[in-house]
Amino acid sequence: QVQLVESGGGLVQAGGSLRLSCAVSGLTMKNYRMAWFRQAPGKGREFVAGVEWSNTQTYYGDSMKGRFMISRDNAKNLVALQMNSLRPEDTAVYYCAATSDLGHIKTISGYLYWGQGTQVTVSS
């Protein structure tokens, strides 16, 4: 069974940092593109960051550029999201996702596997 388990969420003050991790099992991660999405109350899931089969190519949502960094360690089946300069509007549940789809990495419908999410709360 494919499992994606997020960890590292919590409460942080604005301007602070958090590092989220996603532990992947049940698939060979190197064959999948990985991404982080987030969902705040009343909103749909928003693309946060994505990484192709290696760390060579990464993608970020507009508001995340320069603040967040995604990375992957295929040997350890781990995906990380380093979040810096956090803002209250970053408050959301963050989800790890995986896809073998060759479509656009930001397309949410292409992601077949999802974690249960980890809560990130940024206080002002």
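The values are calculated or read from the model by the stated rules, or taken from the named source; none is laboratory data. Values in this document were obtained by computation on a predicted structure and should not be read as measured data. Positions of Cβ are generated from backbone atoms using ideal geometry, with glycine treated the same way; all protein chains shown enter the neighbour counts. Surface areas here come from the heavy atoms of the whole protein model, side chains and all, with no ligands, DNA or RNA. Shrake-Rupley method; radii C 1.70, N 1.55, O 1.52, S 1.80 Å.
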>> Quick check on Arg19: is it within 17 Å of Thr121 (Cα to Cα), open to solvent by 50 Å² or more (accessible area, probe 1.4 Å) and either in contact with a Gly (Cβ under 9 Å, 6 or more places away or on another chain) or assigned to a helix (DSSP H, G or I) (or both)?
In response: yes
> What are the residues in the stretch 93-110 that are open to solvent by 10 Å² or more (accessible area, probe 1.4 Å) and part of a loop (DSSP other than H, G, I, E, B), if any?
Replying inline: Ser100, Asp101, Leu102, Gly103, His104, Lys106, Thr107
>> Could you check the stretch 69-92 and list, in sequence order, the residues that are in contact (Cβ under 8 Å) with a residue 60 or more places away in the chain and open to solvent by 20 Å² or more (accessible area, probe 1.4 Å)?
In response: Gln82, Asn84, Ser85, Arg87, Pro88
